[in-house]
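Down below is the structure, laid out as structure tokens.
Nothing in this text is a laboratory measurement; each read-out follows from the coordinates by a stated rule. Computed from a predicted structure; not experimentally measured. When we count neighbours, we look across all protein chains shown, and the Cβ atoms used for this are built from the backbone with ideal geometry, even at glycine.
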């Protein structure tokens, strides 16, 4: 199960999605996705994902 984890580096907090997996028989955190700072994450969530749609006519009568 993945969790949201905060890491501190040089006085700044960074967020990532982390999953615990066994490596050589011991549990280790494996980073699945780097999310960046809280401000960058909030900006990405509020803007949403740009949607691009292409439509093709297949078997039109």
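Values computed for the structure shown
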read-out	value
Condition check for residue 44: surrounded by 10 or more Cβ atoms within 10 Å (Cβ to Cβ) and not in a strand (DSSP E or B)	yes
Residue check, residue 7 surrounded by 11 or more Cβ atoms within 10 Å (Cβ to Cβ) and in a helix (DSSP H, G or I)	no
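Listed here are the residues, each with its yes/no results for (1) at negative phi; (2) without any contact (Cβ under 8 Å) to a residue 12 or more places away in the chain; (3) in contact with a helix residue (DSSP H, G or I) (Cβ under 8 Å, 6 or more places away or on another chain).
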site	(1), (2), (3)
2	yes, no, no
8	yes, yes, no
11	no, yes, no
24	no, yes, no
37	yes, no, no
45	yes, yes, no
50	yes, yes, no
53	yes, yes, no
59	no, yes, no
